Amino acid sequence: MREKAIRINILALIAFILISSFALPVGTSHAASTTFINDIAEKYEALEDEFTKQYKADLKTETNHYELFLEKTADEQKKLEKLLDEDLEYLDDLLDKDYKALINQYGDDRSYNSKLTQYKNQINPSYSTGALWKYSKEIDKNYSTSLHWKFNNQINPNYSTSMMWKYKNEINPSYSTSTMWKYANTVNSSYSTSIMWKLRNESNPNYSTSTMWKYKQGNITQEQAKKSMDSILKTGKEDLQAERDSAMNSIKKLRERTMNDIVDLRNETVRKILKQRSDSLEDISDLRERLFGSGIEAKALVISFDSIKVIIDGELQQFEQPPFVVNGTTLVPMRAIFERLGANVEWNQAQRSVKATKGNTTIQLAIGSNMASKNGENVKLDVAAQTKNNHTMVPLRFISEALGANVMWDGKTSTVTITTK
């Protein structure tokens, strides 16, 4: 009996041990490693910091692109408005003087009264349906449906549905559903269901059901947790990068499309305005010839947007002598740009030459020569260096060859972008 009791006790003990082994969670035989938990937390924080900084840099870059383009279009709008206002004033004065001359010539002849009245109405910019009124109407940016009004609205970021309004909103992280809004939320660890939110939770040992929570509870081993978290963070980084690339590619396409569309609209607006001007003057001249025997001519209106802007490391530059184009080559002010890039520039009046020094690089060139030297080696210029208003002007490409800066030319917007960082 005693032996039987001993056997029963032994079997009970074995059963208790087996039951206990199944009941206890894996890993309770040792405490969770604080070092490992902190290491995973640091890896996540480094990932969050990396993409947060990337997002902020992207936002700054795109905002800068937008603001520069907005400034450029606003400047062009002001230039166009000034040219058109001056032209209308010129035409009004020209035709008014002509009318007064006709009054002096035919005013005493009553048979010409109706003819003079008819001509006066056609040259009156305020007379509805008159020839000059048609032109003055199309160039008035405040006249609803006019050519100028349509263009002005499309470049207005506050005019709902305009091209500039859509562009502004797409890069606005506060505008719901915009591309930048989606990008901002993707890297926001506080935005529920975002990629960064999921990564933060998986790395959090206090977030129920997360990988690190399971490790802390002893449901998985450290080796299992490390393998799982390495995979999660790696995949998360790839997904974050893919979302970032997709967002920036989308914004780039929108930016380029908007710029191209606005430039095309600007050019088309100018073409139609000049056409209306030509038609109005032709109608006035034909009417004058029918009524008084001869027509009238006005000087041509030239509207150009050749003003070239230079942006260095994201900052719009202002020069005493702006860039200009010679035989298809853009010439830029050497001293102003070289000094902005950190070079020391010296002018030799006797030799009419320029010497620029930056670090171990020395550049020399003479006015009128299409050859320059860099540390003693010849560099051929697209166009010879020249002076304009006492400023030395050199080909744009020479900036890149001389100081190693990255130089880009945007023909659509007539913008030079120089990057040194």
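Readers should treat all values here as calculations from the given coordinates under stated rules, not as data from a laboratory. What you are looking at is a predicted structure, and each value in this text was computed from that prediction instead of being measured. Cβ coordinates were reconstructed from backbone atoms using ideal geometry, including for glycine residues, and neighbour counts include every protein chain displayed.
Tabulated results
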| item | result |
| --- | --- |
| Cα-based convex hull, region 29-163, per residue volume (Å³, whole number) | 94 Å³ |
| Relative packing of peptides 129-136, 269-276, 43-50 - highest average C-beta neighbours within 10 Å first | 129-136, 269-276, 43-50 |
| Region 106-123 - phi-based ³J(HN,Hα) in whole Hz, Karplus 6.51/-1.76/1.60, Gly and Pro as x | 10, x, 7, 9, 5, 5, 9, 4, 5, 5, 5, 5, 4, 5, 4, 5, 6, 9 |
| 3J(HN,Hα) from dihedral phi, region 203-211, Karplus parametrisation 6.51/-1.76/1.60, rounded to Hz, x for glycine, proline | 8, 8, x, 9, 8, 3, 6, 6, 4 |
| Span from the region 287-360 Cα centroid across to the region 145-190 one, whole angstrom | 32 Å |
| Spin-label pair Lys166/Ala350, simplified geometry with 7 Å Cα→Cβ offset, distance in nm | 6.4 nm |
| Helix-only CD estimate at 222 nm, as mean residue ellipticity for the chain, using -39500 (n - 2.57) per DSSP H run (n ≥ 4) | -19500 deg cm²/dmol |
| Estimated Rh, the chain: Kirkwood, alpha-carbon pairs, angstrom | 28.8 Å |
| Candidates per GluC sites (Glu not before Pro) in region 273-343, loop by DSSP, up to 14 other Cβ within 10 Å | Glu297, Glu320 |
| Hull shadow area, averaged, region 285-394 [alpha-carbon convex hull, nm²] | 11.2 nm² |
| Percent of C-alpha pairs per 10 Å bin, region 216-362, short to long | 8, 15, 17, 15, 16, 12, 9, 4, 2, 1, 0 |
| Loop trypsin sites (Lys or Arg not before Pro), region 278-354, which have at most 16 other Cβ atoms in a 10 Å radius of their Cβ (DSSP) | Lys299, Arg352 |
| Sites Tyr90 and Thr145, calculated FRET efficiency, Cβ-Cβ separation with R0 41 Å, nearest 0.05 | 0.95 |
| Value of D in µm² per second that Stokes-Einstein yields for region 149-298, Kirkwood Rh from Cα pairs, at 4 °C (1.567 mPa s) | 63 µm²/s |
| Built amide H within the under 5 Å cut-off of Val379, gap 5+ | Ala372, Ser373, Lys374 |
| For a label point 7 Å along the Cα-to-beta-carbon line of Asp261, residues of region 164-188 with backbone N under 14 Å | 164-171 |
| Lys388-Thr52 pseudo-label distance in nm [points 7 Å out on the Cα-to-Cβ vector] | 4.8 nm |
| Distance (nanometres) between label positions extended 7 Å along Cα→Cβ at Lys43 and Ser128 | 7.7 nm |
| Linear extension gain, Lys120 paired with Glu223, 0.36 nm per residue minus alpha-carbon span | 27.6 nm |
| Pairwise FRET efficiency - Trp409 versus Asp75, Cβ, R0 = 22 Å, nearest 0.05 | 0.75 |
| Length-normalised contact order for the chain - Cα pairs under 8 Å, 6+ apart - percent | 12 percent |
